[in-house]
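> Pasting a structure below so you can have a look.
Every number here is computed from the coordinates shown, using simple stated rules; none is lab data. Keep in mind it's a predicted model, so treat the numbers as computed, not measured. We place every Cβ from the backbone using ideal geometry, glycine too, and count neighbours over all the protein chains shown.
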Amino acid sequence: MKINIQNLENGLIEIDEEIEPVFINKEIKQYYPNKIALHALVDKFGKDYRINVNINTTALYICDMCLTQFNYSFQAAQQMIFQVGSGKLEATEDIIQLPGNATEIDITPVLSEMVLLNHPLKMICKKDCKGICPNCGANLNTEECRCSKESTDPKWDQLRKLIK
Ligand SMILES: [Zn+2]
Ligand SMILES: [Zn+2]
């Protein structure tokens, strides 16, 4: 995703685009198969470009507890400042320096970082996910555990016999 800055006037421009998720890190690529909606505001002031980026997409996660695939509305936002050539801003971590003859700003590395930083450590399909039974593998959200019946029923039968 590159922003052409060659003929950009001072002031605010708005960018709305749908981009392919090709920039996403290999390790987490499988979770982001859908197009990514990008909304950016580019504020140009002389040689400085302040860019506010919002991205959102429908991610496809796998629940850590019940192993079911589920859709997740993924969103991330970030502000970045680029400076073309040596300007009045001091180069710090927050300001990305570009050569004086730059004609475009490539925000792709920032986009892949945004996804990586906002990628969840834990994927849970819903707050009260019951997970799967470690014994029989039943998804306890949608089905009853088979092994609990098998193991309790005979005991109850024995108890009933005792009571009689
Ligand atoms: Zn789950
Ligand atoms: Zn079970």
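> Can you give me the angle between helix 146-163 and the longest principal axis of the chain, using Cα atoms only, in degrees from 0 to 90, rounded to the nearest 10?
30 degrees
> Please give the net charge around residue 62, taking every other residue with its beta carbon less than 15 angstrom from that of residue 62, where Lys and Arg add +1 and Asp and Glu add -1.
+1
> Say a paramagnetic label sat at a point 7 Å from the Cα of residue 147, along Cα to Cβ; which residues of segment 120-135 have their backbone N under 17 Å from it?
Residues passing the 17 Å test: 130-135.
> Pairing the Cα long axis of helix 108-118 with the longest principal axis of the chain, what angle in degrees results, from 0 to 90 and rounded to the nearest 10?
The angle comes out at about 30 degrees.
> Mind checking the full-extension length gain between residue 128 and residue 37? Use 0.36 nm per residue of separation minus the Cα-Cα distance, one decimal, nm.
Once the chain is fully extended between residue 128 and residue 37, it gains 29.8 nm.
> Using 0.36 nm per residue of separation minus the Cα-Cα distance, give me the extension gain between residue 79 and residue 18 in nm, one decimal.
20.1 nm
> So what J values fall out for segment 120-134 if you push phi through Karplus, 6.51 cos²θ - 1.76 cosθ + 1.60 with θ = phi - 60°, rounded to Hz, Gly and Pro as x?
Running phi through 6.51 cos²θ - 1.76 cosθ + 1.60 with θ = phi - 60° gives x, 6, 10, 10, 10, 5, 7, 3, 9, 4, 8, x, 10, 6, x Hz.
> Got a sec to turn the phi values of segment 60-74 into Karplus ³J(HN,Hα) couplings, 6.51 cos²θ - 1.76 cosθ + 1.60 with θ = phi - 60°, whole Hz, x for Gly and Pro?
10, 9, 10, 4, 5, 8, 10, 6, 8, 6, 8, 7, 9, 7, 8
> Which ³J(HN,Hα) values in Hz, rounded to whole numbers, follow from the phi angles of segment 45-56 under the Karplus curve 6.51 cos²θ - 1.76 cosθ + 1.60, where θ = phi - 60° and Gly and Pro get x?
Values, residue by residue: 9, x, 9, 9, 10, 9, 10, 9, 10, 10, 10, 8 Hz.
> Still on this model: Once the principal axes of the Cα atoms of segment 2-128 are found, what is the range along each, listed largest first in whole angstroms?
Projected onto the principal axes, the Cα atoms of segment 2-128 cover 54, 27, 24 Å.
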